[in-house]
Structures are given as C-alpha cells and as structure tokens.
Amino acid sequence: MQELFISSRKNETLKAAAKLLTSSEVRREQGAYLAEGARLCRDAARSGVSIKTLFYTESAGKKYPEYLGELRETAETVYRLADHAGELLSGTKSTQGIFCVCAVKKRKTEEIPRNHCLALENIQDPGNLGTVLRTAEALGLGSVLLCGECCDLYAPKVLRASMGAVFRLPVFFFPALSDAAALLSARGFQSFAAVPDNGAIPVTKAEFSHPTLMAVGNEGNGLSREAIEACREKITIPMLGRAESLNAAASASILMWEMMRGGMPDGMA
C-alpha cells in the first residue's frame, strides 16, 4: 500500500481527523471516531473495527513496527506524519504517535442479546462510562444501553478508560430509559431500577435467573422518576458505612457482578 507523507499541521486531511478528537458533533455526522495509541489501535483492528485511516509519526514507525504491521493490513489509507504534525491528533500528554480513524458500527435494537444488560441514564463522566464498559465486558454482560443524554461513547477519554471494550461490547442507544424498559419487558426481560432506598430489594437477595435489565442513573441525581417507574422493581446495594450512595461506576460494577454471579439466565448457553 502506498503511504503518503504529511509534514504540515495545516494539512486538510490532518485537520479533518483532528476534529474527530475534539467534536462529538463531527463524530456523529461522519460516523467515525479517532483512536489513539499503539495498543488501543491494534485492539480495534483485532476486534474487527473498520479502520478508515491510519496515521503514524516517524518516531512511532521506528518504535512500534510490529503494531504498525498489523494496522497496515487493515487500514484503507495510511499516512506517515512528521512528529510535530502528529501532535495535532493527540489527546494525551505523551503520545505514542499512532492514530486510527475508525468507523462507528451501527446496531439495531433488534440485535440486543437475550442476556443480562445494563442501562445507563444520563451518565456524564467519560471516565465513569469507560470504566463501566470495561467491567461489563469483563463480567460477560450481553449489552449496555445508553439512555437519555449520556456522554459520547466515542470520546477519547471513554475509549481509553474502556480499554478496548467499546470495540467489542454491544452498545445500544435509546432516547429514554423508559423506552428501553418497555421494549425489553415485551421480550421477557425483568427490570430493576437501582436506588439508594432501604425499602428496595437488596441486590444480594434478588433473583437473576431470567434476562435482566439493570438501570443505573446519573452521577449526581440518580435515575429519573420516569425511569424508576418504567422498571418493575427497585433494587439497592446494602451499605453498612455512613456513605449514602456510591460512585456510578462503583454501583454499576457491584450490580453487574451480582447479576452475573449466578451464571447465564435461563435459556442461555
């Protein structure tokens, strides 16, 4: 494959890719996002992500030949960059000089697996979202549903915090969590709204033998009233200390662990 060289930060192709780093609106419009880092980009390629463009700096070419060898095989277009030009694409202080423009994989709600899933409502912190996705993949959840006004799934901080889970874990989008609950209820899912309420079912006593939707809310406000009412049951994490609630990512991790602790729900292999 022919590789083109870019020496100027003013190059239009480079500037267009840089917009994917900073603008969620551009990412939505183009159906693409920018991944940074040797390991993360290779992970994208190995996970079957469509890599539209590979950029790498001259220093990266010398330091990461094995990573670049794999990426060249899958990328549609390859550009070698002067080191100073590559800085335009970096969202980190110490860049490795490898960047991939990746195509967003479109999914339909009909593809939601009939397995346990986590629904997040209005999650705003990219680090929290990335951590939840990483944990969900590690524990073997079937999918994650992003409902309402969640932060951008393809923001650089989410990609880094997820450690590649964004590439592999099925993620679906809903305008409102109540829409997701209604759809999955019709498909035989049971649904729980996570709330800091002593009157709710303790997660340690809940039954997860059937496909389950577990709803977790915003970092500061929790679940909306509409979301809570859309779920069949309320669930809570018993706490013996003085804290009234947990970080959203911590809460989601505990709830997912309890869901998956008993294995796959009925009807799943």
Q. Do any residues in the range 131-148 that are touching a residue at least 12 places away in the same chain (Cβ under 8 Å) have Cβ atoms under 7 Å from those of residues that are charged (D, E, K, R), where the two are at least six apart or on different chains, and which pairs are they?
A. GLU137/ARG168; CYS147/GLU121; GLY148/GLU121
Q.
Just to be sure I understand, how many residues within the range 60-94 are closer than 13 Å to LEU40 by Cβ and either in a strand (DSSP E or B) or hydroxyl-bearing (Ser, Thr, Tyr) (or both)?
A. 4
**Q.** Odd one out for ARG107, checked against (1) assigned to a loop (DSSP other than H, G, I, E, B); (2) out of contact with any Cys (no Cβ under 8 Å at 6 or more places or on another chain); (3) surrounded by 22 or more Cβ atoms within 10 Å (Cβ to Cβ)
**A.** (3)
Q. Is it true that some residue in the range 213-229 is modelled with pLDDT under 95, buried (at least 18 other Cβ atoms within 10 Å of the Cβ) and more than 22 Å from CYS150 (Cα to Cα)?
A. no
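Please go through the range 158-199 and give me each residue that is among the acidic types (Asp, Glu) and farther than 15 Å from THR109 by Cα, ordered by number.
Listed by number, the list holds a single entry, ASP197.
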Q: Report, ordered by the first and then the second residue, all pairs with beta carbons closer than 7 Å, sequence separation of six or more or different chains, a first member in the range 244-267 that is in a helix (DSSP H, G or I), and a second member that is at pLDDT 85 or above and of a type in the set (Phe, Trp, Tyr).
A: MET259/PHE208
Q. Of all residues in the range 197-214, which are of a type in the set (Val, Ile, Thr) and touching a residue at least 40 places away in the same chain (Cβ under 8 Å)?
A. VAL203, THR204, THR212
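The values are calculated or read from the model by the stated rules, or taken from the named source; none is laboratory data. If you're wondering where the values come from, they're calculated on a predicted model, not measured in any experiment. As a convention, Cβ positions derive from the backbone with ideal geometry for all residues, glycine included, and neighbour counts pool all protein chains shown.
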